[in-house]
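The values are calculated or read from the model by the stated rules, or taken from the named source; none is laboratory data. This structure is a prediction, so every number in the text was calculated from the model and none was measured. Glycine gets a Cβ as well: all are built from the backbone with ideal geometry, and neighbour counts include every protein chain shown. Each accessible area value is taken on the protein alone, full model and side chains, heavy atoms only, with ligands, DNA and RNA left out. Shrake-Rupley method; radii C 1.70, N 1.55, O 1.52, S 1.80 Å.
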Amino acid sequence: MPETKSLFNRVAEHYDLLNTLFSFGMDKSWRKRLAREISGSTLVLDIATGTAEVAVEITNRLDRCCVIGIDPSREMLELGHAKLKSLGVRERIILVQGFAENLPFKRGTFDAATIAFGIRNTVDTLKSLQEMRRVLRPGGKVGILEFAIPKNRFFSPFYMFYLRNALPFIGSFFGRRNEYEYLVQSIPAFPQRERFTQLMGKAGFKVKKTIELTMGAVVIYIGVKED
């Protein structure tokens, strides 16, 4: 596995655009659904925040909510800061550099934690989940949005062909074919559905529900910290 901090530094400039192209614009609706699932939260930690797309969506949906976004990539965060300034939401979103495996926050700080398309790129998935649980208050929610392999036997082969061929091809136009080949390969390598919910349970979360979107191309996992 490549050093993901360097990888995302390299793809940062076109990352949002490519995500929208690759998903045919559906990534926006996925983030909206993730934000909806943590309604009622007032302080949220968005992990692997990138350019703060999820953080912005959360503040758009939750009027009284503030978000701290954390990401290891300095280039991603710089783009995020520029985005927050242009949108006029800097007073509600704070961006900091850091890693999911070692969150620089006290136990029980947040009402909710989110991570979109980032958990599979962590160095230690279990430790990252344990850190999320640590910084949540009792009863706090975690919302994890991640790619998955569709179960539909007709859609799945088409989806896999698209992943393995179209995504790296489009990425090559931006000089980032190798980076997107890795990101594609990381999807089937990541624990799918039941295996991942078991991992969440091992980290101490009670999984409340899983939400399949776009014929199972992505899944939202919702867990709760119960003491």
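What's the extension gain from ARG193 to ARG36 if we count 0.36 nm per residue and subtract their Cα-Cα distance?
Computed gain between ARG193 and ARG36 is 54.4 nm.
Would you please give the residues with an amide H less than 5 Å from that of VAL96, counting only those at least 5 places away or on a separate chain, with H modeled from the backbone geometry?
Hits under the 5 Å cutoff: GLY69, ILE70, ASP71.
Counting only helical runs of four or more DSSP H residues, what would the 222 nm mean residue ellipticity of the chain come to if each run contributes -39,500 (n - 2.57) and the total is spread over all its residues?
Taking each H run of at least 4 residues, the total per residue is -12000 deg cm²/dmol.
Accessible area per residue for the range 29-146 in Å², computed with a 1.4 Å probe and the full protein assembly in place, what is it?
Per-residue value: 41 Å².
Provide Rg over Rh for the chain; use the alpha carbon set for both Rg and the Kirkwood Rh (inverse mean inverse pair distance).
Value, to two decimals: 0.94.
Based on the mean of other beta carbon atoms within 10 Å per residue, what is the order of 181-187, 65-71, most packed first?
65-71, 181-187
Counting each pair of different Cα atoms once, what's the Kirkwood radius of the range 95-227 in Å, rounded to one decimal?
The Cα-based Kirkwood calculation yields 15.9 Å.
What's the carbon and sulfur percent of the chain's accessible surface, probe 1.4 angstrom, rounded to a whole number?
Using a 1.4 Å probe with all protein chains present, the chain comes out at 54 percent carbon and sulfur.
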